[in-house]
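*Asks:* Attaching a single structure in structure tokens format; questions to follow.
The values are calculated or read from the model by the stated rules, or taken from the named source; none is laboratory data. Since the structure is predicted, the reported quantities are computational estimates derived from the model, not experimental observations. Cβ sites come from the backbone with ideal geometry, for glycine too, and all protein chains shown count toward neighbours.
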Amino acid sequence: MSINIKEVEKEFNHKRVLDKINLNIVDGEFFGLLGPSGAGKTTLIKILTGQLNPTSGCAEVFGCNSSGLTDQIYRNIGIVYEKSGLYDRLSCGDNLYIFARIYGIQKQRIYEVLNKVGLSDSINKPVQKLSTGMKQRLIIARAIMHKPKLLFLDEPTSGLDPVSANSIHNIISEMNKNGTTVFMTTHNMSEASKLCDNIALLDGGKIIEYGTPDNICFKYNKNKQVKVIFKNKTEIISLENLSEYLSKQKDKSHIEAIHSLEPNLEDVFIQLTGKRLV
Ligand SMILES: Nc1ncnc2c1ncn2[C@@H]1O[C@H](COP(=O)(O)OP(=O)(O)OP(=O)(O)O)[C@@H](O)[C@H]1O
Ligand SMILES: [Mg+2]
């Protein structure tokens, strides 16, 4: 088990920010924590990474209480924050070299990770000359240099264009396929649907829904309808009647597409909380 959270509560100045959070994340899982701004996502990451203590309850990372993580556990964790500091005037290579020295990582690994995140050509480029997407890839390169078994990503694609976001999805997805457990927060519903094995919807400090993205969407699929798109018209029919409906169509070549109309994650979230995620 990578993460085990039991009844975790967090208060700031008597204001409850996390309320009885229970979660298990198994080794190799890609987990997504979703929720509107102020829901408590970063606070939970800070508790799990030992930067904040819970007011009550207990969070364990690799079986170790997060309030007293050992160096050994820290060596198996990588963290990517929204605003992880990079040294602007230093090159990409030197930014990683500093980190490699601290962690006792071989210099060769700098070339490996820069290659992994597609920044090999920018090794000598100062960070201040990188685009936002390139900076974010460098931050990820730094977080994975020591080959962590567990990677925390706090809104890794926030503010990025779809192409940059996609290249980050590919990097973290490949890491996960190679066995790294991922704990990611995001406001991006399609990102969560695409990448996560399980997600939790956090609102007002409480987990209000949990499961696989598909199962959550199916759970709230009350109408069970499909949309049949023809070359010149569109029809909405019930899933139950689909097969009969199709058998009555004389010329099926006029059908362009059939879409199921279950809600997406964003629809579910709005339905549950009455709030938009962004
Ligand atoms: N150090 C702190 N002291 C006091 N209040 C805090 C502190 N850190 C966070 N909070 C409050 O806790 C709540 C949750 O904040 P948190 O940053 O965890 O939300 P979030 O879900 O990460 O939001 P976002 O999506 O905007 O990043 C907010 O109301 C915030 O103001
Ligand atoms: Mg946050």
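*Asks:* Could you count how many residues in the stretch 59-77 are under 18 Å from Glu9 (Cβ atoms) and surrounded by fewer than 17 Cβ atoms within 10 Å (Cβ to Cβ)?
*Replies:* 2
*Asks:* If you don't mind, there's one more thing I want to ask. Take the residues in the stretch 1-26 that are crowded, with 22+ Cβ neighbours inside 10 Å and either of a type outside the set (A, V, I, L, M, F, W, C) or within 16 Å of ligand 2 (Cβ to nearest atom) (or both), then tell me which one is nearest to Phe62 (Cα to Cα).
*Replies:* Selected residue: Ser2.
*Asks:* Considering only residues of the stretch 189-247 that are in a helix (DSSP H, G or I) and acidic (Asp, Glu), which is surrounded by the fewest Cβ atoms within 10 Å (Cβ to Cβ)?
*Replies:* Step by step, filter the stretch 189-247, then rank; the result is Glu244.
*Asks:* Being more than 15 Å from ligand 1 (Cβ to nearest atom) and either in contact with a helix residue (DSSP H, G or I) (Cβ under 6 Å, 6 or more places away or on another chain) or in a strand (DSSP E or B) (or both): is that true of Glu7 here?
*Replies:* yes
Residue-by-condition table, conditions (1) within 16 Å of ligand 2 (Cβ to nearest atom); (2) touching a strand residue (DSSP E or B) at 6+ places or on another chain (Cβ under 6 Å); (3) more than 12 Å from Leu18 (Cα to Cα); (4) outside any loop (DSSP other than H, G, I, E, B):
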{"site": "Pro36", "(1), (2), (3), (4)": "yes, no, yes, no"}
{"site": "Thr42", "(1), (2), (3), (4)": "yes, yes, no, yes"}
{"site": "Ala59", "(1), (2), (3), (4)": "no, yes, yes, yes"}
{"site": "Ser67", "(1), (2), (3), (4)": "no, no, yes, yes"}
{"site": "Ile73", "(1), (2), (3), (4)": "no, yes, yes, yes"}
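*Asks:* Please list, ordered by first then second residue, the pairs with beta carbon atoms under 7 Å, 6 or more apart or interchain, first in the stretch 19-43 and in the same structural domain as Cys64 (by TED's automatic domain parsing), second within 11 Å of ligand 2 (Cβ to nearest atom) and of a type in the set (Asp, Glu).
*Replies:* Thr42/Asp154
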